[in-house]
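Taking it in order: structure first as structure tokens, then the write-up.
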Amino acid sequence: MICRNEPVDDMDRALAMYLQRNDDLELSPFIDMISGMQADSVLNRTISNMAELEEYAYQVAGTVGLMLLPLLNANVEQSRDAAIALGKAIQLINILRDASPDVVLGRVYLPQDMLRAEGVSTEDVLLRKSSPEYRKVVAAVAERAEALLLEAEIGKSTLPGIGPLFVQIIVELYREYLVKLEQIGYDNLNLRGERVKINSIQKLMASVKAAIKVFLTQR
């Protein structure tokens, strides 16, 4: 209905108004997000390969980065790649953090081809068998996430105002999750079904580190 400018409720009307006010933002990120949500609606959700995982990460999180750009008064074209990279990094890291609770839901988001290459089956993951081979796949996805964080960190300079600080804080926070994953040997299948967490002190220190980095860069 929004595509035809025929909103049916208050949420639709708010979205239609947002799109009208920001004509440099296309409708495609919203459509892509819906596709990602639809992909999650199946039972026993799995991902075939890294390309599919990154596409999914774009759909459910990279799109959010694109949607936020007008709110930050950014040039959408200039900041597009960095915004997508940050969203994808966040989603990949959240997938690694949430592996244990996802197992309860029958979901395995690590690429099936990478798991098979290491001799790990979906059943092994659902049974929380955190073998060295499984943890090797977790480490590989974590490495890709760090590369995406770096891309977003470099690209933050395209944002005006507090945009660079906003991005750097997110980058530093999510780097802390990667550090935590490394510290636990990439064993994210704990028996309590909990997600991988960092404490409040770590979050505060990450924010301080981000502020210092941005301050030194802008001097």
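Computed from the coordinates by the stated procedures, all read-outs in this text should not be read as laboratory data. These figures come from a predicted structure and were not determined experimentally. Reconstructed Cβ throughout: ideal geometry from the backbone, glycine too, with neighbour counts over all protein chains shown.
Give the share of C-alpha pairs in each 5 angstrom bin for the chain, from 0 to the last occupied bin, in whole percents, shortest bins first.
With 5 Å bins starting at 0, P(r) equals 1, 7, 13, 16, 17, 14, 13, 10, 6, 2, 0.
Net charge near Val167, counting Lys/Arg +1 and Asp/Glu -1 over other residues with Cβ under 12 Å of its Cβ?
Spelling it out: positives minus negatives among the neighbours equals -1.
Past 20 Å, Cα to Cα: identify those pairs from Lys180/Lys203; Lys136/Lys203; Lys88/Lys156; Lys88/Lys129; Lys88/Lys209; Lys136/Lys209, in the order given.
Flagged as over cut-off: Lys136/Lys203; Lys88/Lys129; Lys88/Lys209; Lys136/Lys209.
Rank-order 59-69, 74-84 by packing density, defined as the average count of other C-beta atoms within 10 Å over each peptide's residues, highest first.
Going by the mean number of other Cβ atoms within 10 Å, highest first, we get 59-69, 74-84.
Along the charge dipole of the chain, Cβ charges K/R +1 and D/E -1, which of Ile31, Ile162, Leu216 sits furthest on the positive end?
Of the listed residues, the answer is Leu216.
Using helices alone, what [θ] at 222 nm do you get for the chain, with -39,500 (n - 2.57) per DSSP H run of 4 or more residues, divided over all residues and rounded to the nearest 500?
Computed ellipticity for the chain at 222 nm equals -20500 deg cm²/dmol.
In whole percent, what relative contact order does the chain give with Cα contacts below 8 Å and a gap of six or more residues?
Reported relative contact order: 20 percent.
With a/c under 1.5 counting as rounded, go ahead and sort the stretch 98-219 into rounded, prolate or oblate using the C-alpha gyration tensor (a ≥ b ≥ c being the square roots of the eigenvalues; past the cut-off, prolate if a/b is larger than b/c, else oblate).
Judged from the Cα gyration tensor, the stretch 98-219 comes out prolate (a/c at least 1.5, a/b above b/c).
Provide the per-residue ³J(HN,Hα) series for the stretch 112-117, in order, calculated from phi with Karplus coefficients 6.51, -1.76, 1.60 and θ = phi - 60°, each as a whole number of Hz, with x at glycine and proline positions.
4, 5, 5, 5, 4, 4
Give me the net charge of Leu204's neighbourhood, meaning all other residues with Cβ under 13 Å from the Cβ of Leu204; Lys, Arg count +1, Asp, Glu -1.
Combined, the nearby Lys, Arg, Asp and Glu give 0.
Which helices count as membrane-span-like in the chain under these terms: full DSSP H, at least 24 Å along the axis by C-alpha, Kyte-Doolittle mean of 0.5 or more?
Within the chain the helices that satisfy the rule are 200-218.
Evaluate the relative contact order of the stretch 139-219 (contact order divided by residue number), counting alpha-carbon pairs under 8 angstrom at least 6 apart; express in whole percent.
33
Report, in debye and to the nearest 20, how large the dipole of the chain comes out about its Cα centre when Lys and Arg carry +1 and Asp and Glu carry -1 on their Cβ.
I would put it at about 860 debye.
Could you sort the peptides 140-148, 170-178, 199-207, 124-132 by per-residue average Cβ neighbour count (10 Å cutoff), highest mean leading?
Averaged packing, sorted descending, gives the order 170-178, 140-148, 124-132, 199-207.
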